Structure formats: structure tokens, C-alpha cells
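One structure below.
Derivation of every value follows stated rules applied to the coordinates shown; laboratory data play no part. Just so you know, these numbers come straight off a predicted model, no measurement behind them. So basically every Cβ, Gly included, is an ideal-geometry build from the backbone, and we count neighbours across all protein chains shown.
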Amino acid sequence: MKTIVKANRAPADFIDEGIIRSHLESAGRAKVDRTKEVIEKARRLKGLDLADVAVLLQCNDPALMEEMFHTAREVKESIYGKRLVLFAPLYISNLCRNNCAYCAFRSTNKNVRRRALTQGKIADEVRYLERTGHKRILLVAGESYPAEGIEYIYKSVATIYSTREGKGEIRRVNVNIAPLTVREFRELKACKIGTYQLFQETYHEPTYKQLHMGGPKSDYYWRLTAPGRAFEAGINDVGIGVLFGLYDFRFEILALLQHIRELERIYGVGPHTISVPRLEPADGSYVSEHPPFPVADRDFKKIVAILRLAVPYTGIIMTTRETAKLRAETFALGVSQISAGSRTSPGGYTEGESATAQFQLGDHRSVDEIILDLVRMGYIPSFCTACYRLGRTGEDFMDLAKPGLIKRFCLPNAIMTFKEYVEDYATPSTRNAGLDAIQKHLADIPSAERRRETEERLRRIEKGERDLYF
């Protein structure tokens, strides 16, 4: 990572509401030719500035939106190809000091059965996930820990990595927990995590303060500056996002882009991933049942497409909050990572949703059912963790992703990790479809030498070897 440049600004004043409003107002007067110009610019894989993005956000012309959607698909496939990375969230605790109006885990919700999983119970959950074929886990916890404090998180990461079930293993643990100090982020990095993920929820400060009514999370600026502290601590891959439905999505997208450009300016690298969760019903939450700024499905698809065009190098994450149908539609608009077979309560995999879930899910299919559907749609499911373990993170990853060179690793690694799934976990119908898909996608590897190397490694996987990657 490049040398950090200290910002000569007041803390977090890079979210400039005046600039956002000005861009949206100007874009509202944009002509058709201007919108087409922005879409054509996006095809060059260089990203878009705030003025460009505002034009797309204000576009509601059906023909232009279809052109936008088509271009987003082109951009995604030119960088990442047809692969979709799969992961599962693992909720280890619903203890929380915060009182967020939209969340079932909020401190004032008396309906929640509070628990923090023991390390033995965490291992049980991991073994369950390994039996379904997962190799990536996103550890999730509320902003309160058992008596041991933050050490509970560090121990949990170690437990996940050390737990094995048959041929199963977790090769990458990403973490979604509350903001930390730089020292604590260094300790978290030492646990060999993959991505640190944190959502601002809403960038509109008055709305943020209204919805976060107590606890550490009520500090807007501490949360906003957390990705920077993670970078300063040496965590190269950071994920950010917005909870859509809390405020006007057009404002949120432009504020998110301001945040990204500030990270790029200071740390030389933007977010490894952007998540696009949409507000879903949560136990006892009026806000979740009645979103202040509901996002229609078509606008939600526009959000995904615009993010792919504006920040082409980043991974876009779509969770099981959404229905199978809508998820499938967003895959073609720029999504590159998806959760599968998810549960959102501590112990939810081995016990079912006995404890209160953080929010309602829209996609209840099993991992195998999701994989079979992906294959039938022409995608190659991927459990790859190679970049993280080979040091292709941070700036090194961006240097490959921005010009589309990362695809020369993504496709072969996706094929090999999917081959593992087919051999070890697939149902007969998924296995048959998967073997056919592997042969089809092998032909898409542009380098004849790399294709031959991949075919040779596939034969080694058939003979029992595992965890082969480029």
C-alpha cells in the first residue's frame, strides 16, 4: 500500500451535502445525449465522477435504463467474467449496546433471546457450513462482547480457521463487527482475516442521528472514519455499504462515492467490496416494516448497475435479504459475490432460527439449490480465496482489477474450487450440471497454457488433491 497522506481537513467533512444536492439538481436537467455520453464513458472501465453518477441516478427513461443495465453487465464480465463468489454469514453473538431503530438486535428489544456462542458452539456452526461446501465465512457480531471483550472476536476467528469437517475447511474469514481503534485493527489483522466490512447504514447525518438513539454507534463520525483506521492498521481489504431504505438512495450513492474517492485519495485504494442491503422487516421494528424511503425493485437494480459502472473494480455483494428472482436479475447487473444458505441468528445453522433473526430473509434455498440455479443461468460458482492468501490484496488487487487482468486468475480458480464442490458436496443433479459447466467455462480461459494447467489440476482434484489455485 502506498504511503498514507494525512488529510488537511476537518474530520469526515468529505461528505458534502451541498455538492450532492447541486449535482442532483444539475443532472435533473440533463439531456438524452449527456446520459448516453456517461454510459459510453463507463464502458472504458475508468469509473465515473459524481456529476456522471448523478446523471444516471436521475435517469428514468426505460430505453436508457436498459442500455445502462446492458453496459453494467459488459463491465462486470470484462473484469470478473461469469464467476460468482459464494460465502455464508456466521452470527456468533446478538449482544449489543446500540439502539438502532431498524435492527432486531437493538438494546431495547425485549423480544430477543440474547446469547454469545461458545467457541465449541461456533465450531459446530462451522462444521455445518463446511458440510454444505462453504469455504468463506463472514463473521458477524453485535457491538457488545462477553466478559473477555474484543478477545472474544479474535478467539472466534481462530476457532473458525481451525475447525475441520471431512474435506471441509474455511479458507477465508471476513469480519463485520463494530468500529475499532487502530491498535485493535492491528490485532484483528494479526488474526489473518480477509476483509473488514462495515456499513455506514446512511450517510445522511440528520437521519443517522435520528435512527441511532443510543450506544457507541450513535457517533456518526467514529463509524465514518473506521475504514480509514482499518487501512492505517494494515488491513488491505475493506468493505463498505449502505442500508437502502433509510434515506433517498440518490443521496446515498453520491455520498458513498465521496467516501470512496476520499479513501482512494488518502490511502491509494478504494473498497474491496460494496454491499447493497435493502431494509427488510426485523422483529419489533416499525422502521423496518415501513421504510422511510422505500426502494422499488427497478430502482434497486439501478443502484447495482450504477455502482458497477461508477466503481468497476470493486466486488458488489448481494445477500439473501432479497428474493431468488430479484437476486438473479441483479447478477446480470454487476453483482460478483453472493451469500447462500444463510441464517442471521446465533446458532441458526445447527438449531434453526430459534433465536431472533436480525432481519427476515428473502431467499431460503439451500446452497446446492442456489448453485444449480447459477449453473443453469450460465454462471460459474466460485469458492476461491487465492488472492487473499497470495497477497493480491489492497493496491495489488486493484492494479489487476481495474484493467480487467484479475479475470485471468478468477476463472481458473473458480473452476477448480467449483470442481471441489462437485466432487465433495453436490447432489447428483448438481454434479451432472456442474461437470458440463466446467467443460464449457474451460473453453473461456483465453490462454491455452493456462487452460492446460487448469485441466491438469482438475485431474489432480479428481484424484483427491484439494486447495489448488493460481
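Taking the square roots of 5 times each eigenvalue of the Cα gyration tensor of the range 65-180, largest first, gives ellipsoid semi-axes of 31, 23, 12 Å. For Ser275, the amide hydrogen comes within under 5 Å of the amide hydrogens of Ile240, Gly241, Val242, Ile317, counting only partners 5 or more places away or on other chains and with H modelled in the peptide plane.
Amide hydrogen proximity for Leu90: with H placed 1.01 Å from N in the peptide plane, the residues at 5 or more positions away or on another chain lying under 5 Å are Leu138, Leu139, Val140. Compared with the rule-of-thumb size 2.2 N^0.38 Å for a compact globular protein, the range 407-462 has a Cα radius of gyration ratio of 1.07. Each DSSP beta bridge with both residues in the range 77-364 is either parallel or antiparallel, and the antiparallel ones are about 15%.
Here the label points at Asp219 and Ala296, each 7 Å from Cα along the C-beta direction, are separated by 4.1 nm in the simple model. Modelled this way, with points 7 Å down the Cα-to-C-beta line, the labels at Thr118 and Glu462 are 4.6 nm from one another. Computed from the alpha carbon positions, the gyration tensor of the range 137-277 leads to an equivalent ellipsoid with semi-axes of 27, 17, 15 Å, biggest first. Taking label points 7 Å from Cα along the Cα-to-Cβ direction, Arg431 and Glu17 give a separation of 5.9 nm.
Between amide H atoms placed 1.01 Å from N, distances below 5 Å from Arg83 occur with Ile380, all of them 5 or more places distant or on a separate chain. Computed on the Cα trace of the range 216-294, the radius of gyration divided by the Kirkwood hydrodynamic radius gives Rg/Rh = 1.02. Per the Debye calculation on the range 290-449 with a single equal scatterer at every Cα and no solvent contribution, log₁₀ I(q)/I(0) for q = 0.12 Å⁻¹ amounts to -0.64. What the Cβ-Cβ distance of Lys36 and Arg261 gives, at R0 = 30 Å and to the nearest 0.05, is a FRET efficiency of 0.80. Could you give the distance between the Cα centres of the range 122-190 and the range 317-339, to the whole Å? Comparing the Cα centres of the range 122-190 and the range 317-339, I get a distance of 24 Å.
Only alpha carbons enter this Debye calculation for the range 77-364, each as an equal point scatterer, and the log10 of I(q)/I(0) it gives at q = 0.08 Å⁻¹ is -0.30. Compared with the alpha-carbon gap, the fully stretched path from Tyr469 to Lys325 is longer by 48.6 nm at 0.36 nm per residue.
Relative to its Kirkwood radius, the Cα radius of gyration of the range 311-397 gives an Rg/Rh of 1.02. Would you kindly give the portion of the calculated P(r) for the range 182-263 that falls above 17 Å, as a percent of all Cα pairs? Cα-Cα pairs in the range 182-263 separated by more than 17 Å: 49 percent.
In terms of overall dimensions, the range 261-339 has a Cα radius of gyration and Dmax of 14.2, 42 angstrom.
Take Arg44, project a point 7 Å from its Cα along the Cβ direction, then tell me which residues of the range 311-333 have their backbone nitrogen under 14 Å from it. Flagged as within label range: none.
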